[in-house]
Amino acid sequence: MSNSKPIGVFDSGVGGLTVLKALRERLPAEPLIYLGDTARLPYGTKSAAAVSAYALEAARALVGIGIKALVVADNTSSAHALEALRAEFPGLPVLGVVEPGAAAAGRASPQGRIVVIATESTVQAGIYPRAILNQRPGARVTQLACPLFVSLAEEGMVEGPIAEQVARHYLAPLFLEGPADQRGDCLLLGCTHFPALVPLLRRILGPEVVIVDSATTTARAAEDVLDHCGLAAPAGAEPGPVRYLATDAPDRFARVSKVFVPWPIPAAEVELWELGHGPS
């Protein structure tokens, strides 16, 4: 497998750009290709069977283009489709966001009182508690579905009174109320949209709560896998190119992307891609 091939990054929409950003920062020489299945988002409200089918279609598209590793930036797909993806592409390194994030939360939580916020589908799958308890037996793991956080991030409403009211509604009972020794001490962001809200969450929760972003931990895991498999781009290489694919509404993809990455993505650079057929 060629070291010059890109890392493929797949998400149900635009939120996975937080993982792309983390990969870009940690592995600047690596070429990247991002596929957002914007025609069928959100995955968080879909059945496990539908999510698995969608993820396989997206992975086949990226493998058909030519990639050296696949990063499943979508938490719901990581929960429901990771094993199916690894079975279909046995020679391809396939990473999800759940295992690296769970491991990091298990290490970072001072007292093992971990709160996972995610989409409804990811919460129902129960994959984060299992992964965390594998890393830290005896931890107390609480899950909470926060679907409005996805909408706020997509609309760019990551600050202001509405966003703060929603955040307090979700998190105050778990972090700010009740006996201090029963409150969460670690917040694991189990959705790639949620890092856009970190400044607000940090202000509400205060410095004593550890916030774990699975995007940064996944980028570290990708670095380790590429090194282990001998697939890393040469040290000192020029910055790798980034290619963007969307299954619907490239203009909206480009507009919303500014919430998740600090660089501009012109709409003209977002390719409209029909899964199963290629570029439209």
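Within the range 207-230, identify whether any single residue is farther than 26 Å from Leu20 by Cβ, among the acidic types (Asp, Glu) and crowded, with 18+ Cβ neighbours inside 10 Å, and answer yes or no.
Looking for residues that are farther than 26 Å from Leu20 by Cβ, among the acidic types (Asp, Glu) and crowded, with 18+ Cβ neighbours inside 10 Å, one finds none in the range 207-230, hence no.
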**Prompt:** Out of Leu56, Leu95, Leu70, which single residue is within 15 Å of the chain's Cα centre (by Cα), over 25 Å from Leu187 (Cβ atoms) and touching a residue at least 12 places away in the same chain (Cβ under 8 Å)?
**Reply:** Leu70
**Asked** What number of residues within the range 16-51 are touching a residue at least 24 places away in the same chain (Cβ under 8 Å), surrounded by fewer than 17 Cβ atoms within 10 Å (Cβ to Cβ) and touching a Lys or Arg at 6+ places or on another chain (Cβ under 9 Å)?
**Response** 1
**Item:** Set Arg220, Arg140: member being under 18 Å from Ala104 (Cα atoms) and in the same structural domain as Phe253 (by TED's automatic domain parsing)
**Value:** Arg220
**Message:** Can you find a residue that is part of a strand (DSSP E or B) and β-branched (Val, Ile, Thr) anywhere in the range 232-245?
**Reply:** yes
**Item:** Answer from Leu152, Leu205, Leu226, Leu189 - the residue that is farther than 30 Å from Ala29 by Cβ, of a type in the set (A, V, I, L, M, F, W, C) and modelled with pLDDT of 95 or more
**Value:** Leu205
**Prompt:** Among the residues of the range 246-280, which ones are charged (D, E, K, R), modelled with pLDDT of 95 or more and part of a strand (DSSP E or B)?
**Reply:** Glu271
**Asked** Within the bounds of the range 131-150, is there any residue that is closer than 30 Å to Arg252 by Cα, more than 17 Å from the chain's Cα centre (by Cα) and surrounded by fewer than 19 Cβ atoms within 10 Å (Cβ to Cβ)?
**Response** no
**Conditions (1) in a strand (DSSP E or B); (2) more than 20 Å from Asp213 (Cα to Cα); (3) over 18 Å from the mean Cα position of the chain (by Cα): number failed by Leu35** = (3)
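Rundown of residues vs (1) touching a helix residue (DSSP H, G or I) at 6+ places or on another chain (Cβ under 6 Å); (2) among the small types (Gly, Ala, Ser), yes/no style:
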position: Asn3; (1), (2): no, no
position: Ala48; (1), (2): yes, yes
position: Gly66; (1), (2): no, yes
position: Ala81; (1), (2): yes, yes
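The values are calculated or read from the model by the stated rules, or taken from the named source; none is laboratory data. In this text the structure is predicted, and so the values were computed from the model without any measurement. When we count neighbours, we look across all protein chains shown, and the Cβ atoms used for this are built from the backbone with ideal geometry, even at glycine.
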